[in-house]
Amino acid sequence: MIRRGFNAAAVGRRRLSAIRVTLAFVFLVAVSGCAGPALRDDPVPLVPSHALPPATEGVLRALSDRVTQAYGPEHSGFRLLDSSYDALMARLVLIDSAQSSLDIQTYLWYPDESGLLILERAVEAARRGVRVRLLIDDLLTVGLDQAIYELQQHPNIELRLFNPWKKRGTLSRAGEMIAQMERLNTRMHNKLVIADGNAAIVGGRNIGDHYFGLSDSYNFHDLDLLGFGHIARQANGMFDDFWNSRWVTSAENLDIVSDPDFARQRWQAIKAKNRASEKLAVFGVEPADWSGTLERLATELHGGTSVLIYDQATRESVEQDVFSQLFGLLGMAQKELLITNAYIIPGQPAIDFTRTLTERGVRVRILTNSLASHDVPAVNSHYRPWRDDYLEAGAELYELRADADIQSLVDVPPASAGFVGLHTKAFVVDREYAFVGSMNFDPRSAAINTESGAFIHSPGLAADLARVMERDMAPENAWQVLLDEDGRLYWVNSDETVTRQPARGGSQRVMDAIFGIFPKEQF
């Protein structure tokens with residue numbers, strides 16, 4: 001049977017219809033929440049601001065200069081952030097080391113242990129005179145308006161919300177979502193940390209415990225790219241485009257009166273909670289001097305050139321360009337293509353594209369989530385019918401085990417999660433080029449959300465990423481999906497062979513079946 005691919009405009013229209021029905025139901029049965037606060041009726045116009053010039057002093061500048069001297073002004077020095085521990089530590093290092101500017105852009109920022117630790121360190125940076133700009137998608141900010149507003153009152157902090165709800169309460173948000181689905185369905189999925197215009201982190205991790213190995217329910221195996229030098233200047237441009245776009249509003253426009261007592265008590269509570277946390281002790285809760293760490297890090301960097309690609313949000317509607325650009329980059333492969341992507345819902349064009357590569361001799365290997373490792377079984381429901389298509393197109397297909405050995409890199413003791421899931425979005429072309437970013441291979445990423453990523457020409461970095469991806473595809477970490485002589489699927493890992501897709505239990509299988517009846521454009 002021939003399955004058709006998706007068209008971006010059609011995806012949006014069909015998705016609106018499906019989600020509108022779901023939200024209408026939620027709105028009608030909701031029994032909690034209230035109208036709550038709102039945005040001001042007379043909003044303060046955004047005053048455009050831009051990245052400061054790269055700092056001329058400090059340890060981040062010193063490392064950036066070393067990269068420039070070694071490779072040239074258009075080059076950067078890169079290192080993968082593979083383990084959860086390294087990912088959170090790298091953010092703390094950049095925040096603590098910033099001397100003039102700190103810009104953070106994120107889709108989700110949870111007020112959990114890692115989220116509060118990063119927040120405290122960012123506020124401490126502002127207290128020592130660093131200009132801090134925080135750009136957060138408004139999706140999960142329910143109930144946090146007073147805290148957000150108080151942050152905005154700090155003389156060195158400005159906070160802006162992407163695509164905000166005008167009505168801020170739980171129930172009123174649901175109603176506004178129904179009324180303005182086309183606008184509010186667009187979310188900013190990008191993630192960036194930029195310090196002093198000299199260092200940047202680009203990748204897939206949101207700010208929250210699941211992304212830094214600190215949850216006891218499940219933790220994500222994810223990936224970021226740490227870069228020094230030119231990549232930070234490129235990241236400044238992306239951040240500024242979103243920061244000054246018509247899609248954001250300043251937290252100053254929350255219709256709230258500042259409460260200094262609330263701010264003081266909240267700050268004291270955050271500091272006390274961070275210091276009482278057993279899970280944060282390994283990271284250190286006080287800002288530190290990271291000169292020695294950065295000196296050692298200099299020897300681990302791979303030189304290379306970068307292109308930062310991202311969807312444009314500077315006009316009335318978001319221009320989704322990343323999806324088409326990625327297929328152009330993937331098509332560069334002549335010998336080998338390695339793909340790791342957490343959420344895959346392909347269409348026939350993706351299968352045809354894969355076949356085109358394999359027929360010209362390119363070895364294509366793909367790793368994604370199994371049903372067992374999934375945190376969103378609805379995605380698996382719509383990926384499931386395409387497994388045999390990928391295999392028949394000549395690709396090798398792997399799915400992460402929920403009990404993967406790499407959980408030792410994912411969990412940060414004393415945290416010990418019930419299972420590990422995949423959240424990485426990366427690929428390697430011919431061991432020459434590497435990509436690390438935020439984009440899933442699904443309809444939402446392609447046609448609705450904003451996405452970004454760094455495409456790097458660096459044989460050293462590409463080789464490192466290829467080793468990570470092959471490790472993750474190894475049988476102790478993943479199932480290989482195969483077809484038997486009769487065209488039936490089976491799964492093989494280091495311990496067993498099964499003829500039914502792996503799952504953590506019966507409830508997952510039931511959910512997988514139920515979500516299969518919903519349109520795939522919803523996910």
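Here, each number is a calculation from the coordinates, and none is a lab measurement. Source: prediction; values computed, not measured. We place every Cβ from the backbone using ideal geometry, glycine too, and count neighbours over all the protein chains shown.
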(message) Placing one identical point scatterer on every Cα of region 55-299 and ignoring solvent, what is log10 I(q)/I(0) from the Debye formula at q = 0.07, 0.18 Å⁻¹?
(response) -0.23, -1.51
(message) Run the simple label-point estimate for Gln180 and Leu52 please: 7 Å along Cα→C-beta, distance reported in nm.
(response) 3.4 nm
(request) Can you put Ile231, Ile118 in order of Cβ neighbours within 10 angstrom, beginning with the fewest? (result) Ile118, Ile231
(request) Can you work out the PRE-style zone for Phe323? Point 7 Å along Cα to Cβ, and I want the residues of region 501-515 with backbone N under 18 Å. (result) none
(request) Please work out, to two decimal places, the log10 of the ratio I(q)/I(0) at q = 0.08, 0.10 Å⁻¹ from a Debye calculation in which every Cα of the chain carries one identical scatterer. (result) -0.50, -0.80
(request) Determine the dipole magnitude for region 55-299: charges of +1 sit on the beta-carbon of Lys and Arg, -1 on that of Asp and Glu, nothing else is charged, the reference point is the Cα centre, and the result goes in debye to the nearest 20. (result) 240 debye
(message) For the ranges 208-220, 187-199, what's the packing order if you count other beta-carbon atoms within 10 Å of each residue, average per peptide, and put the highest first?
(response) 187-199, 208-220
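Could you work out how much longer the chain between Arg296 and Gln268 gets when fully extended? Use 0.36 nm per residue separation minus the Cα distance between them, nm to one decimal.
So the chain would gain 6.6 nm between Arg296 and Gln268.
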(request) Please sort 100-106, 482-488 by packing, taking for each peptide the average over its residues of neighbouring beta carbons within 10 angstrom, highest first. (result) 100-106, 482-488
(request) Find the Rg to Rh ratio for region 320-518, where Rh is the Kirkwood radius over alpha-carbon pairs and Rg uses the same atoms. (result) 0.95
(request) Report the charge-dipole magnitude of the chain in Debye, nearest 20, computed about the Cα centre from +1 at each Lys and Arg Cβ and -1 at each Asp and Glu Cβ. (result) 1000 debye
(request) Output ³J(HN,Hα) for region 363-371: one whole-Hz value per residue in order, computed from phi by the Karplus curve 6.51 cos²θ - 1.76 cosθ + 1.60 with θ = phi - 60°, and x for Gly and Pro. (result) 7, 10, 10, 10, 10, 9, 6, 7, 4
(message) Calculate the FRET efficiency for Asp259 and Val142 from the Cβ-Cβ distance with a Förster distance of 22 Å, rounded to the nearest 0.05.
(response) 0.75
(message) Using 5 Å bins from zero, what percent of all Cα-Cα pairs in region 205-291 falls into each bin?
(response) 2, 9, 10, 13, 16, 18, 21, 10, 1
(message) List the lysines whose Cα sits under 30 Å from the Cα of Lys273, skipping any in the same chain fewer than 8 residues away.
(response) Lys191
